[in-house]
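Okay, so here's the structure we're looking at.
The values are calculated or read from the model by the stated rules, or taken from the named source; none is laboratory data. Being a predicted model, the structure only gives us computed values, none of them experimental. Backbone-built Cβ (ideal geometry, glycine too); neighbour counts: all protein chains shown.
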Amino acid sequence: MLPPLINAFELYSVIRMDNLFTDSNDVDYMKEVKDHYNLAQIHWNGDPCSPREYSWKGLTCKYPESNQSKIIAV
């Protein structure tokens, strides 16, 4: 009998979070747009603008010096 084979490798890394969050009115509006136009194929999950590296595809966000970002273009 042979020992089990290793068939996966996981790597974790630390991602810096700026503690930004998107204006709740913008988030609610984007959810309504997704439902209205039946955009189920677009995977919009989590905060639309934060973290910056993982913002929703198709959105442009404005990052002011405060902790609240705004969606400025779709």
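A count restricted to the range 16-74 and to residues that are surrounded by 12 or more Cβ atoms within 10 Å (Cβ to Cβ) and in contact with a Pro (Cβ under 9 Å, 6 or more places away or on another chain) stands at 12. Every residue in the range 37-74 that is out of contact with any helix residue (DSSP H, G or I) (no Cβ under 9 Å at 6 or more places or on another chain), of a type in the set (Phe, Trp, Tyr) and farther than 17 Å from Arg16 by Cα, please. Hit for the range 37-74 is Tyr37, nothing else. Across the range 2-20, which residue is farthest from Lys62 (Cα to Cα) among those that are at pLDDT below 85 and within 20 Å of the chain's Cα centre (by Cα)? If we take residues in the range 2-20 being at pLDDT below 85 and within 20 Å of the chain's Cα centre (by Cα), then Val14 is farthest from Lys62 (Cα to Cα). Figure legend. Inter-residue proximity from the range 32-56: first residues touching a residue at least 24 places away in the same chain (Cβ under 8 Å), second residues among the β-branched types (Val, Ile, Thr), beta-carbon distance below 7 Å, spacing 6+ or different chains. Indicated pairs: Asp47/Thr22; Pro48/Thr22; Pro48/Val27; Pro48/Ile71; Cys49/Thr22; Cys49/Ile71; Ser50/Thr22; Pro51/Ile15. Residues that are among the polar types (S, T, N, Q) and in a loop (DSSP other than H, G, I, E, B) were ranked within the range 21-46; the one that is modelled with the lowest pLDDT is Gln41.
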